[in-house]
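Chemist: The structure's right below; bear with me while I get my questions together.
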Amino acid sequence: MGDSRGHWEGDMLVVEATNFTAAAAYRGANAATFRVTERFTPVSADVIAWTATLNDPTTWTKPWTIAMPLRRERQPTMAYDCHEGNYGLRNILSAQRAAEKEQKEAEKEQEHVEAEGGEPSGGVGPGEGD
C-alpha cells in the first residue's frame, strides 16, 4: 500500500506514509505525490488523539485532516475469525445451515414414507423399472 516511517516529537508518535500504489491512493490521489501524516498523541491513560492529514498537491488545493479519539477497550479483543466482517465465516455458516435444512427435509420425507408404509418419492417400487 505504501511505505510508513515513524518518529517521535515529544510524546507524540508521527507516522508518515508515502510511495503508495495506484490502487491504495485515496480518492483519486496521485500515488506518486500522495502523502499521509498520522499523529498519535496520548490524552489520558485510556485515550489517544489520532489525526491523519492527507496531502497531494496535484489532487487537492490544500491538505486536509481527519481526527478521532482512540479509546482503550477493556474487553478482550476478539480473534479475527470471530469478527463480523469475516465473510469466510459467514459463508461457512450459511453452507452449514443449508446442509442442516436438507437433512431436516430428508428426515421429514423419511418419516412420511414410513407413516405411509411405502417407498420414498422418486424411488423405484416393486415391479417398476424392470
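The values are calculated or read from the model by the stated rules, or taken from the named source; none is laboratory data. All figures in this text were calculated on a predicted structure; none of them were measured in a lab. No Cβ is skipped: glycine too gets one built from the backbone with ideal geometry, and neighbour counts run over all protein chains shown.
Chemist: For the condition touching a Gly at 6+ places or on another chain (Cβ under 9 Å) and modelled with pLDDT of 95 or more, what is the one hit in 43, 14?
Modeler: Only one candidate qualifies: 14.
Chemist: Let me ask another. Which residue pairs have Cβ atoms under 6 Å apart, sit 6 or more places apart or on different chains, and have a first residue in region 8-27 that is assigned by TED's automatic domain parsing to the domain that holds residue 67 and in contact (Cβ under 8 Å) with a residue 60 or more places away in the chain and a second that is among the small types (Gly, Ala, Ser) and surrounded by 14 or more Cβ atoms within 10 Å (Cβ to Cβ)?
Modeler: none
Chemist: How many residues, within region 49-78, are in contact with a Pro (Cβ under 7 Å, 6 or more places away or on another chain) and either touching a residue at least 24 places away in the same chain (Cβ under 8 Å) or not assigned by TED's automatic domain parsing to the domain that holds residue 18 (or both)?
Modeler: Residues in region 49-78 being in contact with a Pro (Cβ under 7 Å, 6 or more places away or on another chain) and either touching a residue at least 24 places away in the same chain (Cβ under 8 Å) or not assigned by TED's automatic domain parsing to the domain that holds residue 18 (or both): 1 in total.
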